[in-house]
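See structure below.
The values are calculated or read from the model by the stated rules, or taken from the named source; none is laboratory data. This structure is a prediction, so every number in the text was calculated from the model and none was measured. Every residue, glycine as well, gets a Cβ built from its backbone with ideal geometry; the counts of neighbours run over all protein chains shown. Each accessible area value is taken on the protein alone, full model and side chains, heavy atoms only, with ligands, DNA and RNA left out. Shrake-Rupley method; radii C 1.70, N 1.55, O 1.52, S 1.80 Å.
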Amino acid sequence: FFFLNSLQDQFDNLEKHTQWGIDVLEKYIKFVKERTEIELSYAKQLRNLSKKYQPKKNSKEEEEYRYTSTRAFLATLNEMNDYAGQHEVISENMTSLITAELTRYVQELKQERKSHFHDGRKAQQHIETCWKQLEASKRRFERDCKEADRAQQYFEKMDADINVTKADVEKARQQAQLRHQMAEDSKAEYSSTLQKFNSEQHEHYYTHIPNIFQKIQEMEERRIVRIGESMKTFAEVDRQVIPIIGKCLDEITKAAESVDHKNDSQMVIEAFKSGFEPPGDVDFEDFTQPMKRTVSESSLSNSRGDGKSEPKFGSKSKGKLWPFIKKNKLMSLLTSPHQPPPPPPASASPSAVPNGPQSPKQQKEPLSHRFNEFMTSKPKIHCFRSLKRGGAGPEDFSNLPPEQRRKKLQQKVDELNRDIQKEMDSRDALTKMKDVYIKNPQMGDAASVDHRLAELGQNIEKLRLEVQKFEGWLAEVEGRLPARSEQPRRQSGVYEAQNASGVNSCAQDRESPDGSYTEEQSQETEMKVPATDFDDEFDDEEPLPTIGTCKALYTFEGQNEGTISVAEGEMLYVIEEDKGDGWTRIRRNEDEEGYVPTSYVEVYLDKNAKGA
């Protein structure tokens, strides 16, 4: 019985140990599963990161990726996307080769363990039953022996007593013999049961239980081997993707080594070079002379660009000047006429007129003040050609510097040629289809494609006209055609004079107040276009604000560029006061504005004009 209890204890210990082994296996499965989730999450984050920094289609960012440094960055993003794919491969392989396999194995292991311990418990119960049978047989034999002994003693007592009848003695003798026979039978049964128990016990301890323990041991060893193989697979899955990850890193290194700083710098130069000639030297101005100063055409001191009456739409003008000077600053200094204003008529002086105009300012600010003003003031828009609804430039790109304009025109010509080629390919395909329909009427009606062919022909003709137009502008920029003079500009509202070199750029280089590009003082008169054309293009824009009114004291014939004719006594609006060069900018109506000599008008400024 002691051995049976000890054996039961061993079964309990083995059951606890094998359950612990299954728990370890399930814990490892959970670990691998969480690792696969981390790999998937990491891959997803890498893909999102790569996608986040990818250039957006049809955006300015896409143009920036023509530089070698940004192309290398784009290659890095693409390789990171492939890098993320390898982590997804790790997750997939670990799930299929480890998690799924071990999960299935754990289920099989649980069933096998259950079967083994069931066999052990069954064998244990059987030997316990045999032991109980042996004990019962032994107790019965012992009881029968005692009963037989008591019956014999009773018979001997009765036989010795003379007072007992012979029948009672015979009865006692028979009872003693019966008890003795029962004891012999119990003895035989006990002997047989004992032999059977000994045989069963030997079979139990030397055959059944060792076989069950051996099976449990083999099961446990297979579990240990399996978890070791899974750990090896865990490492192999990572090792398999290392070559591909190494290739990704090699491609990133290769992209980094392809960065060419010289090439990028040259591309920046090509992209932003303007083609303008450098400005001339600043003339010396002699302030010792008492006579009225003359304004040099190339001097920066003839500036009117103090920015006090800045137009609201000035930010839409895209001037292209020098890399060391802010946009439109220099041009705002060169907007007044390139000559001093004429003196008032001799017949009547301004001083003789009651409440006559103030004399023009003779004292000019120092050149250093002009430069400070020039570097801090905001640019003015003097050329309406650079404006269009939505902030876009004019069709002929005349708002750009010569070199930039040439590139834009060339791109437009190439784009139109590609469109023409597409339309011609479509027309050829339809023509072939029509021929097939004519030869095989059952396949379709040949007349059904005539309308589309006619439409394609019209589109091709329109595109060819557009190409001719842009090629003409391109030839003008490249100097292949003579410069066009007084050609109407839809966006400017005035006919502009072209310089001899044929460069047609926005008058943010050297311009007169009407927005015409001039290298030297032009003698061409300003011509106006109908107001409806101007309103059609600039109904969204606001003119320069008025800062007061003025009355013409004398008749002035504006024959130079940027000036305006006025009649004596005429009332006009002031939109820019005299900046020291003797000229005042005025407006008659929405379409007519220009400069007149300050001494020819009497100015009435609003009180809050400068503050506004």
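Only protein atoms count toward the accessible area here, which uses a 1.4 Å probe; on the range 395-478, the carbon and sulfur part of that area reaches 50 percent. Full extension of the chain between E455 and E101 yields a length gain of 120.8 nm, computed as 0.36 nm times the residue separation minus the alpha carbon distance. Would you work out if the range 96-244 is rounded, prolate or oblate? Take a ≥ b ≥ c from the square roots of the eigenvalues of the alpha-carbon gyration tensor; rounded if a/c is under 1.5, else prolate when a/b is larger than b/c, oblate otherwise. In terms of gyration-tensor shape, prolate.
Per 0.36 nm of contour for each residue apart, how much would the distance between D82 and D281 grow if the chain were fully extended, relative to their Cα-Cα spacing?
Numbers: separation 199, 0.36 × 199 = 71.64 nm, distance 5.90 nm.
Result: 65.7 nm gained on full extension.
Computed extension gain for V169 through I22, at 0.36 nm per residue and net of the alpha carbon distance, reaches 45.3 nm.
Distance between the 7 Å Cα→Cβ label points at Q266 and S426: 4.0 nm.
Classify the range 1-265 as rounded, prolate or oblate, taking a ≥ b ≥ c as the square roots of the eigenvalues of its Cα gyration tensor: rounded when a/c is under 1.5, otherwise prolate if a/b is larger than b/c and oblate if not. Prolate shape, in that a/c is at least 1.5 and a/b is the bigger ratio. The distance linking the range 171-228 with the range 23-75 is 70 Å (Cα centroid to Cα centroid, whole angstrom).
Which of the residue pairs K432/K469; K52/K262; K27/K110; K132/K215; K273/K408; K60/K407 have a Cα-Cα distance greater than 20 Å in the structure shown? Don't jump to the answer; show the numbers that get you there.
Numbers: K432/K469 32 Å; K52/K262 29 Å; K27/K110 15 Å; K132/K215 28 Å; K273/K408 13 Å; K60/K407 17 Å.
Listed pairs above 20 Å: K432/K469; K52/K262; K132/K215.
Within the assembled protein chains, the solvent-accessible surface assigned to I269 is about 90 Å², based on a 1.4 Å probe. Shape class for the range 190-233, computed from the alpha carbon gyration tensor (a ≥ b ≥ c): prolate, with a/c not under 1.5 and a/b above b/c. What residue among A84, H17, S69 has its Cα farthest toward the positive end of the dipole of the range 6-149, where the charges are +1 on Lys, Arg and -1 on Asp, Glu, each on the Cβ? Checked the options; the winner is S69. In this structure, N440 and Q468 have a Cβ-Cβ separation that, at R0 = 51 Å, corresponds to a calculated FRET efficiency of about 0.80.
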